[in-house]
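Presented below is the structure to which this report refers.
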Amino acid sequence: MELAWYALLGLFFATYLVLGGYDYGVGLLLARRADQAARRATLTAVGPFFLGNEVWLVAAVGILFGAFPTLEGELLSGFYPAVLGALAGVVLVTAGVQLRSRPVAGSARAGWDRVVVVGSVLAALGWGALLGGLLQGVPLTADGHVAGAGHLVTPFVAAAALTVLALVALHGATFLTLRLPAADAPALARVARGLVPAALTAVATATVLGLLSDRVRAAVGRPAVAVLLPLALVAALLVARAALRRGRAGVAFAATATALALPAPLVGAALWPRILVATTDPAASLAVADAAASRPTLALLGWLVLPLVPALLGFQAMCWWVFRGRTDGRAPVYW
């Protein structure tokens, strides 16, 4: 039963990274938009999906809190800079998008646009640092608690955070090629293609630093799964670049969505059956089974989640169907 909940947690967080990822990617690209009209059009493209995408984060946190209370406590205490930065970014993006639409002066609206950009950067870096910190292991005290947060200050964690930032920016650009008017699509495709080398460089850097890190090699329980992650990311990025060159925005978006969906489940699979790997004594690591709530609690939560998953999927499908196509009413080229 613990494995099912562990997989469900990974699924929800991966879905959030895919859906929230293009929100933050669009927010990052606001820095490239020259005038208020262009920035407003950019945010209009993501507007119908924005709040619905954040629901997946709420659902993932709910599963973490209910099904894995021990893990939730250790993440909040031992990873608080990453978690705090990510949540602060989510709040800033939400506030900036909502408040910029109020009747305010142009200078104030530009200020809220900068808030959205900063929030997008913080959210992407925070979630990337969290995944990187989990993959390299943590220092655990004798009573099983994470000792401080200094373990996040490593080259590998920084590279992982920058990798997620690059993937998010690329994902946002490919999303805009689907949503903004067809006249803007070629320019946006060039921007997206230009971001692919940056993402490939970030993936390569994180991979090399991971291979050179004794902590990462010791923490990974399934090396084959860990090696699969950068290989799959590179393949997805190359597919995205080829699709963008051919004007197939749908294929490119599916490829970048795959790139953002992969890290959470593959990091979890690489660490299984542990979730917090002790860097000093691997035998003291926190196993997924030990981090989970009792079986009666998990069974009770199951009755709550059963209607939640189809409801979330149905809402997301309806939202995409109702607001399909470009903002000028034309259908994009998917394949």
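The values are calculated or read from the model by the stated rules, or taken from the named source; none is laboratory data. Note that the coordinates shown come from a computational prediction; the quantities given were computed from them, not determined experimentally. Note that each Cβ is placed from the backbone with ideal geometry, even for glycine, and that neighbours are counted across all protein chains shown. Remember, those area values only see protein heavy atoms, side chains included, never the ligands or the DNA or RNA. Shrake-Rupley method; radii C 1.70, N 1.55, O 1.52, S 1.80 Å.
Structure summary
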quantity: Whole-Å semi-axes of the ellipsoid equivalent to the chain (Cα gyration tensor, √5λ, descending); calculated: 34, 22, 19
quantity: Radius of gyration, Dmax [region 230-335; alpha carbons; angstrom]; calculated: 20.2, 59
quantity: Solvent exposure of the chain as accessible area per residue, Å², 1.4 Å probe; calculated: 43
quantity: Compactness of region 43-192 - radius of gyration and Dmax, Cα, Å; calculated: 17.9, 61
quantity: Accessible-area ranking of THR174, THR154, largest first, probe 1.4 Å; calculated: THR154, THR174
quantity: Rounded to whole Å, sorted largest first: equivalent-ellipsoid semi-axes of region 1-82, Cα gyration tensor; calculated: 32, 14, 9
quantity: Dipole-positive endmost among PRO181, PHE253, GLY132 within region 120-266 (Cβ charges, Cα centre); calculated: PRO181
quantity: Estimated distance in nm for a label pair at ALA147 and ASP214, the labels positioned 7 Å out from Cα along Cα-to-Cβ; calculated: 1.5
quantity: Normalised per residue, the volume of the convex hull around the Cα set of region 170-296 (Å³); calculated: 116
quantity: Local net charge near VAL208, Cβ-Cβ under 15 Å (Lys/Arg +1, Asp/Glu -1); calculated: +1
quantity: Potential extension, VAL322-ALA4 segment - 0.36 nm per residue separation minus Cα distance; calculated: 111.2 nm
quantity: Inter-probe distance in nm under a simple model that places probes 7 Å from Cα toward Cβ, at ARG222 and TRP272; calculated: 0.4
quantity: Those residues of region 263-307 whose amide nitrogen sits under 11 Å from the label point placed on THR70, 7 Å along Cα→Cβ; calculated: 275-276, 285-294
quantity: Residue-span extension gain [ALA242 to ARG114] - 0.36 nm each, minus C-alpha spacing; calculated: 42.9 nm
quantity: Listed residues PHE79, PHE253, PHE323 arranged by accessible area, highest first, probe 1.4 Å; calculated: PHE323, PHE253, PHE79
quantity: Kyte-Doolittle mean at least 1.6 and Cα axial length at least 15 Å: DSSP H helices in the chain; calculated: 50-67, 155-179, 223-245, 249-261
quantity: For the chain, calculated [θ]222 nm from helices alone, where every DSSP H run of n ≥ 4 adds -39500 (n - 2.57); calculated: -25500 deg cm²/dmol
quantity: Within the accessible area of the chain (1.4 Å probe), percent carbon and sulfur; calculated: 72
quantity: For the chain, built as a Gaussian network whose Cα springs stay under 10 Å, the top-fluctuating residue of ALA166, ALA284, ALA129; calculated: ALA284
quantity: Residue-count net charge about LEU43 - beta-carbon cut-off 9 Å; Lys, Arg +1, Asp, Glu -1; calculated: +2
